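Everything on this sheet refers to the single structure shown next.
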Amino acid sequence: MAATDVRPLLELTHRFADELPELCTPWQGAEVPAPQVVAVDDALAQELGLDPQALSTPEAARVLVGMDAPEGSLPVAQGYAGHQFGGYSPRLGDGRALLLGELHDLDGRELDLHLKGSGRTPFSRGGDGKAVIGPMLREFVISAAMHALGVPTTRSLAVTITGEAVRREEGPQPGAVLARVAVSHLRVGTFQYAASMQDPDLLRRLTDHAIARHHPAAADADVPALALFEAVLDVQAALVARWMTVGFIHGVMNTDNTTISGETIDYGPCAFLDAFDPATVYSSIDHGGRYAFGNQPSIVQWNLARFAEALLPLIDDDQDRAVELATGLLAAFPARFGQQWRAEMRAKLGLAAEDDADGDLFDDLLRTMHEQGADHTNTFRSLSSVVRGDATPLLDQLRDRAALDPWLERYRARLAAEGRQAEVVAEGMDRTNPIYVPRNHLVDEALTAATAGDMGPIGELLDVVTRPFEERPGLDRYALPAPDAFGESFQTFCGT
Ligand code: AMP
Ligand code: MG
């Protein structure tokens with residue numbers, strides 16, 4: 001291929017492919033007729049030292065769909081296994097994705113550059129290896145919103161349409177490829193896959209690779225694999241606490257979608273809550289409600305148990321002892337999650353100090369929100385007005401405006417006891433509780449327009465949700481819950 005502007009910019013290493021060849025297959029993207037970049041995260045490009053303009057060229061488009069590989073790179077499809085809705089699949093892997101390689105951002109951080117929708121691979125099973133524009137832009141917008149909200153997440157560098165019509169249930173859709181950046185694509189399912197190969201050296205190499213990339217302190221522990229397990233347990237407890245306090249439903253928390261790094265990954269049928277209800281499920285494929293909003297912490301714990309099982313041979317030669325050590329840590333998950341969650345909730349309520357009554361204060365608020373059909377985002381946002389002396393925006397969220405009276409009395413007493421200056425507290429809360437999140441009906445509307453060729457609404461939505469804390473004039477509709485009729489029927493689809 002001829003020299004291009006973008007190739008010198010995309011200098012990729014192939015550390016994963018070199019260190020763990022058993023867990024991947026060298027591969028390349030499918031030829032597509034007319035690749036064209038339609039979305040670039042300029043800020044992310046700049047963090048990576050890339051010129052956003054150079055990412056929009058025809059040459060870049062060929063790289064971003066996987067047709068051309070940057071010089072010196074070694075793209076691979078990664079293998080992994082996973083429990084999907086509780087049932088074990090021994091061989092999943094990148095059925096429509098490629099790891100192009102690792103790059104380094106301006107701070108020297110090592111990051112994976114990965115493509116989704118780049119064509120069939122040896123892991124495709126019955127799938128066509130393709131992705132379509134709606135779901136790829138969905139990941140682009142929601143991952144950008146999550147990043148802006150401060151939730152650890154993979155990020156989306158670009159969406160490139162392929163010029164191909166891809167067959168889907170809803171009819172032919174414009175084909176697209178997402179370029180994703182992540183601190184790595186190591187998943188619980190990667191460890192399950194390696195463990196199934198019954199090769200202790202491979203499992204150890206994978207563990208060392210994960211420790212070096214994400215949890216380096218574990219290398220010095222007596223039992224590094226156990227220390228890795230504990231570190232992952234901690235980052236996952238912190239992550240799910242963030243999801244629970246921001247009102248995010250992942251929707252498909254299979255073990256292959258649970259990272260070792262603690263980043264949110266794989267935005268399929270995910271959604272933000274409108275009205276607060278722990279039983280909320282949006283995914284069209286989650287019939288049993290396994291991945292309902294309120295189940296997310298216990299599902300993370302379940303997935304971590306699968307991770308521990310994969311690590312057992314490295315934890316102790318005596319299997320019973322290994323199980324005992326892992327179980328001991330796993331049992332601490334609810335407490336660690338609870339600690340993180342309460343810290344997040346204190347920040348949302350503008351409380352500085354821990355208090356024995358915290359648990360009750362938070363539970364009572366959430367119970368009333370549920371009973372009253374209160375909007376999750378707007379209820380928390382309105383609490384800063386309470387601090388500033390005006391409860392009206394909060395009461396406006398309730399069906400019965402008196403429903404929170406006793407609670408408000410306790411809350412005000414807590415605030416008063418802390419004695420901090422109201423405006424300082426309220427400003428902190430407004431930097432914690434967003435006003436704008438990518439609500440389902442807005443995402444849906446913008447994706448429908450984009451699929452029909454109008455990128456205007458998605459551009460505006462992106463602008464709004466990437467500045468989630470800053471109230472701006474003219475954006476009222478972005479802060480409103482879905483019209484009732486929408487909320488009841490809304491489902492998100494898995495995005496294949
Ligand atoms: P996901 O639901 O996106 O996490 O994907 C679960 C598994 O299905 C992964 O192994 C994917 O690579 C695979 N997969 C999803 N969609 C496709 C597709 N269109 N073609 C091939 N494999 C796919
Ligand atoms: Mg996945």
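Taking region 394-445, which residues are open to solvent by 80 Å² or more (accessible area, probe 1.4 Å) and polar (S, T, N, Q)?
Correct list: GLN421 only.
Just a yes or no: is a residue in region 150-157 at pLDDT 95 or above, β-branched (Val, Ile, Thr), more than 30 Å from GLU344 (Cβ to Cβ) and buried (at least 24 other Cβ atoms within 10 Å of the Cβ)? Don't jump to the end; show me each part of the working.
First pass over region 150-157, keeping only residues at pLDDT 95 or above: 150-157.
The next check asks that each one be β-branched (Val, Ile, Thr); those that pass are 151, 153-154.
Subsequent filtering for residues that are more than 30 Å from GLU344 (Cβ to Cβ) retains none.
Taking every residue of region 150-157 in turn, none turns out to be at pLDDT 95 or above, β-branched (Val, Ile, Thr), more than 30 Å from GLU344 (Cβ to Cβ) and buried (at least 24 other Cβ atoms within 10 Å of the Cβ).
Of all residues in region 427-455, which are modelled with pLDDT of 95 or more and either more than 28 Å from the chain's Cα centre (by Cα) or not in a helix (DSSP H, G or I) (or both)?
ARG431, THR432, ASN433, PRO434, ILE435, TYR436, VAL437, PRO438, ARG439, ASP454, MET455
Does ALA195 satisfy the condition of being open to solvent by 20 Å² or more (accessible area, probe 1.4 Å), away from ligand 1 (no atom under 16 Å from the Cβ), in contact with a helix residue (DSSP H, G or I) (Cβ under 9 Å, 6 or more places away or on another chain) and more than 18 Å from GLY117 (Cβ to Cβ)?
Yes: the conditions hold for ALA195.
Taking region 73-104 as the search range and keeping residues that are in a loop (DSSP other than H, G, I, E, B) and touching a Leu at 6+ places or on another chain (Cβ under 7 Å), which one is nearest to ligand 2 (Cβ to nearest atom)?
Going through the qualifying residues, I end up with TYR80.
So the check is Cβ under 9 Å with 6+ separation or different chains; which pairs have a first residue in region 416-428 that's basic (Lys, Arg) and a second one that's open to solvent by 60 Å² or more (accessible area, probe 1.4 Å)?
ARG420/ALA352
Out of ALA45, ALA61, which single residue is touching a helix residue (DSSP H, G or I) at 6+ places or on another chain (Cβ under 8 Å), at pLDDT 95 or above and closer than 21 Å to ILE161 by Cα? Steps first, answer last, please.
Details: ALA61 fails: touching a helix residue (DSSP H, G or I) at 6+ places or on another chain (Cβ under 8 Å).
The conditions single out ALA45.
Looking only at region 242-260, which residues are more than 11 Å from ligand 1 (Cβ to nearest atom), surrounded by fewer than 24 Cβ atoms within 10 Å (Cβ to Cβ) and assigned to a loop (DSSP other than H, G, I, E, B)?
GLY247, the sole residue that qualifies.
For region 194-209, how many residues are assigned to a helix (DSSP H, G or I) and out of contact with any Asp or Glu (no Cβ under 9 Å at 6 or more places or on another chain)?
Narrowing region 194-209 to residues assigned to a helix (DSSP H, G or I): 194-196, 200-209.
When the remaining residues are screened for being out of contact with any Asp or Glu (no Cβ under 9 Å at 6 or more places or on another chain), the result is 196, 200-201, 203-204, 207.
Adding up the residues that qualify gives 6.
Evaluate region 128-145: report whether one residue or more is within 13 Å of ligand 1 (Cβ to nearest atom), closer than 12 Å to ARG180 by Cβ, among the aliphatic types (A, V, I, L, M) and in contact with a Pro (Cβ under 8 Å, 6 or more places away or on another chain).
No, region 128-145 has no match at all.
Select from region 122-134 the residues that are within 15 Å of ligand 2 (Cβ to nearest atom) and of a type in the set (Gly, Ala, Ser) and write down the one among them that is nearest to GLU164 (Cα to Cα).
This residue is ALA131.
Where the second residue is among the aromatic types (Phe, Trp, Tyr) and open to solvent by 10 Å² or more (accessible area, probe 1.4 Å) and the first is within 16 Å of ligand 2 (Cβ to nearest atom) and lies in region 105-121, which pairs have Cβ atoms under 7 Å and are six or more apart or on separate chains?
Hits for this filter: THR121/TRP27.
Residue check: is ASP320 of a type in the set (D, E, K, R), modelled with pLDDT under 95 and over 30 Å from ALA426 (Cα atoms)?
When the stated conditions are applied, ASP320 does not pass them.
Before we move on, is HIS114 part of a strand (DSSP E or B), at pLDDT 95 or above and either more than 19 Å from LEU50 (Cα to Cα) or over 20 Å from the mean Cα position of the chain (by Cα) (or both)?
Criteria not met by HIS114.
So how many residues does region 56-109 have that are open to solvent by less than 10 Å² (accessible area, probe 1.4 Å) and charged (D, E, K, R)?
2
The values are calculated or read from the model by the stated rules, or taken from the named source; none is laboratory data. Please read all numbers here as calculations on a predicted model, not as lab measurements. In this analysis, Cβ positions are derived from the backbone assuming ideal geometry, glycine residues included, and neighbour counts consider all displayed protein chains. Surface accessibility is based on the protein's heavy atoms, side chains included, excluding ligands, DNA and RNA. Shrake-Rupley method; radii C 1.70, N 1.55, O 1.52, S 1.80 Å.
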